[in-house]
Amino acid sequence: MPSQLPLALRVREGLTLDGFVVGSNGPAVALLASLAAGEPGQLFLHGEPGSGRTHLLSAAVVAAEQAGRRACLLPAAELAPLPPALLEDFDSFDLVAVDDLQHVAGVRAWEEALFHLYNRLMAAGRVLICTADRPPTQCGVQLPDLSSRLAAGPVFALHGLSDDDLAALLQQRAAARGLRLGEGVASFIIHRGQRSPAALLATLNRLDEHALARQRRLTIPLVKEALGW
């Protein structure tokens with residue numbers, strides 16, 4: 001594997017399909033799970049920051065590896081400064097996941113490298129999953145052949161989580177830490193804090209540390225004390 005990719009093959013610890021709150025994204029998650037399990041094909045996911053794109057790609061890689069398949073996650077932001085020829089060997093993987101494609105969109109050499117990787121993966125009956133902040137025809141890809149192949153589908157927009165989904169996410173992550181987070185406390189955090197999953201989980205980290213240091217349960221008074229609300 002190219003030595004220039006110290007970060008590109010990492011998946012973020014703890015990001016699994018079981019740990020993803022599906023919300024209204026059921027069809028996209030179901031197809032992703034099928035591809036990770038061995039069904040050949042492609043998938044393009046797009047959505048705003050915090051919509052779960054990176055979580056789902058990491059989860060797909062983990063699920064594929066657990067099924068005995070070779071998989072890798074390629075963050076496009078990390079790939080952009082590197083030579084596109086690095087992609088020549090990646091068709092040996094059963095599943096390739098490219099995150100934040102917009103970071104290399106518009107760069108002719110990268111688009112051509114991705115186009116050829118796409119063709120090799122599809123010809124071999126493997127899997128390519130890509131994400132971006134916008135649909136494939138709007139994310140800045142200039143090479144018509146690559147744009148048309150990515151847009152051939154399936155393409156899914158990832159939708160943000162409702163307040164109930166965000167509460168479920170907080171409670172799920174709290175339980176994984178051995179913490180009990182009641183519905184009332186979770187609702188209080190959501191309505192007083194930022195409503196993005198990343199921000200809410202960062203808040204949970206702060207609360208966990210505060211509660212542990214004081215050997216107290218997660219209650220609304222403790223939340224107010226820890227966060228200055």
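Around Val223, what is the net charge, scoring Lys/Arg as +1 and Asp/Glu as -1 over all other residues with Cβ under 12 Å from its Cβ? Walk me through the intermediate numbers first.
On the way: positive: Arg192, Arg206, Arg216, Arg217, Lys224; negative: Asp208, Glu225.
The answer is +3.
Can you compute 3J(HN,Hα) from phi for each residue in the range 152-162, using the Karplus curve 6.51 cos²θ - 1.76 cosθ + 1.60 with θ = phi - 60°, rounded to whole Hz and x for Gly and Pro?
Using θ = phi - 60°, the values come out as 5, x, x, 10, 10, 8, 8, 9, x, 8, 6 Hz.
Ranked from the most accessible area to the least, with a 1.4 Å probe and all protein chains present, what is the order of Trp110, Trp229?
Details: Trp110 5, Trp229 80 Å².
In descending accessible area the options line up as Trp229, Trp110.
Which whole-number percent gives the relative contact order of the chain, counting Cα pairs below 8 Å spaced six or more residues apart?
Relative CO of the chain lands at 21 percent.
Placing +1 at every Lys and Arg Cβ and -1 at every Asp and Glu Cβ, with all other atoms neutral, what dipole size does the chain have around its Cα centre, in debye to the nearest 20? Working shown, then result.
Working: 20 positive and 23 negative charges, 156 e Å.
Once rounded to the nearest 20, the dipole reads 760 debye.
Find the eigenvalues of the gyration tensor of the Cα atoms of the chain, then list the square roots of 5 times those eigenvalues as equivalent ellipsoid semi-axes, largest first, in whole angstrom. Don't jump to the answer; show the numbers that get you there.
On the way: eigenvalues 266, 58, 54 Å².
In descending order the semi-axes read 36, 17, 16 Å.
What angle do you read, to the nearest 10 degrees and between 0 and 90, between the alpha-carbon axis of helix 53-66 and the longest principal axis of the chain?
For 53-66 against the chain, the angle is about 70 degrees.
Can you give the accessible area of His191 in Å² (nearest 10), computed on protein heavy atoms with a 1.4 Å probe?
Around 100 Å² of this residue is reachable by solvent.
May I ask you to derive the relative contact order of the range 144-208, considering only C-alpha pairs under 8 Å and at least 6 residues apart, and to give it as an integer percent? Let's see the in-between values first.
Details: 31 pairs, mean separation 18.3, N = 65.
Over the range 144-208, the number comes to 28 percent.
Using the Karplus curve 6.51 cos²θ - 1.76 cosθ + 1.60 with θ = phi - 60°, work out ³J(HN,Hα) for each residue of the range 137-149 in order, rounded to whole Hz, and write x for Gly and Pro.
Rounded to whole hertz, the list is 7, 10, 8, x, 5, 9, 6, x, 5, 5, 4, 5, 5.
The values are calculated or read from the model by the stated rules, or taken from the named source; none is laboratory data. These figures come from a predicted structure and were not determined experimentally. Quick reminder, even Gly has a Cβ in these numbers, built from the backbone with ideal geometry, and neighbours come from all protein chains shown. When the accessible area is computed, the model is the full protein with side chains, heavy atoms only, and any ligands, DNA or RNA have been set aside. Shrake-Rupley method; radii C 1.70, N 1.55, O 1.52, S 1.80 Å.
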